[in-house]
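Worksheet: the structure to be examined is printed underneath.
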Amino acid sequence: MEETLKSKQPWYHNRSYVATAIALAFHVSGFIAIGFFRSPLFISLTPLNLLVGLALVLYTQRELTTPFWMFCIASFGIGFASELVGVNTGLLFGEYRYGKVLGPGMKGVPWLIGVQWMVTMYCIGVSMDMLHRRLMTNQGELYGRFPRWWMTLSTVADGALLSVLFDWALEPVAVHLGYWQWHNGTIPFKNYWSWWLVSLLILIIFRWLPFRKHNLFAIHLLLTQFMFFLLLRTFMK
């Protein structure tokens, strides 16, 4: 009976389990090596970790449709362009510069930062979308009283706030590990409202494009990365 049930299990559940195990292995080993031993080797492997995260997102996305690829390109482009503006003008985020840890780029911005924007916004968008769908299923009568535009507003606005919280956990760790440095060593408030605005724009595109947005691994990866940076933020004080 168990074998029959397992054989009927959707393939994306199996992929989600595999991807989650790989992501946990990378982040747990990274936390131990960096948090306790300050390993330069693991810090230098940050680009590999980002690329693995991207590969696992693609591995677990059930349907790689044209709208999905449009979102990937748009989120990468918007995220990378906003960083170009930030680094070279200070109009977004504040005055900062990238180190060498994240690898090569253009005009002072590593290419991989666009990948991180894409993966983070995908995970946040999926998490918010799945949360609303679960509420509609379990609390349909209560949830049905809200107009449809309310779910869209909540998905993009609350998702953007969630991205700001993610950045809050990330910032001190990124500075400590040499990902980037702030002018005078101070993280300006401009950084956080810029994160909210850029995230809002990307999540509007996420909400608008019609592709499959059910991916359990995306939630697992977001939680794993958030806990990784939050714990490092605590241990590196």
Worksheet, complete the sentence: For Ala33, the lone unmet condition from (1) without any contact (Cβ under 8 Å) to a residue 12 or more places away in the chain; (2) within 17 Å of Leu112 (Cβ to Cβ); (3) among the hydrophobic types (A, V, I, L, M, F, W, C); (4) surrounded by 14 or more Cβ atoms within 10 Å (Cβ to Cβ) is (2)
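In this structure, is Trp195 crowded, with 20+ Cβ neighbours inside 10 Å, closer than 30 Å to Met236 by Cβ and touching a strand residue (DSSP E or B) at 6+ places or on another chain (Cβ under 9 Å)?
Values: crowded, with 20+ Cβ neighbours inside 10 Å: yes; closer than 30 Å to Met236 by Cβ: yes; touching a strand residue (DSSP E or B) at 6+ places or on another chain (Cβ under 9 Å): no.
No, not satisfied.
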Practice prompt. Considering only residues that are loosely packed, with under 15 Cβ neighbours inside 10 Å and in a helix (DSSP H, G or I), look in the stretch 207-226 and name the one that is nearest to the chain's Cα centre (by Cα).
Written response: Leu223
Practice prompt. Please work out if Ser154 is part of a helix (DSSP H, G or I), modelled with pLDDT under 95 and farther than 24 Å from Leu51 by Cβ.
Written response: yes
Fill in: Hits in the stretch 62-90 - residues which are without any contact (Cβ under 8 Å) to a residue 12 or more places away in the chain, among the hydrophobic types (A, V, I, L, M, F, W, C) and farther than 22 Å from Asp167 by Cβ
Leu64, Trp69, Ile73
Item to complete: May I ask you to list the residues in the stretch 38-57 that are surrounded by 15 or more Cβ atoms within 10 Å (Cβ to Cβ) and either in contact with a helix residue (DSSP H, G or I) (Cβ under 6 Å, 6 or more places away or on another chain) or among the aliphatic types (A, V, I, L, M) (or both)?
Response: Ser39, Phe42, Ile43, Leu45, Pro47, Asn49, Leu50, Val52, Gly53, Leu54, Leu56, Val57
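The values are calculated or read from the model by the stated rules, or taken from the named source; none is laboratory data. Computed from a prediction, not measured in an experiment: that's the story for all the values here. Neighbour counts run over all protein chains shown; Cβ positions are idealised from the backbone, glycine included.
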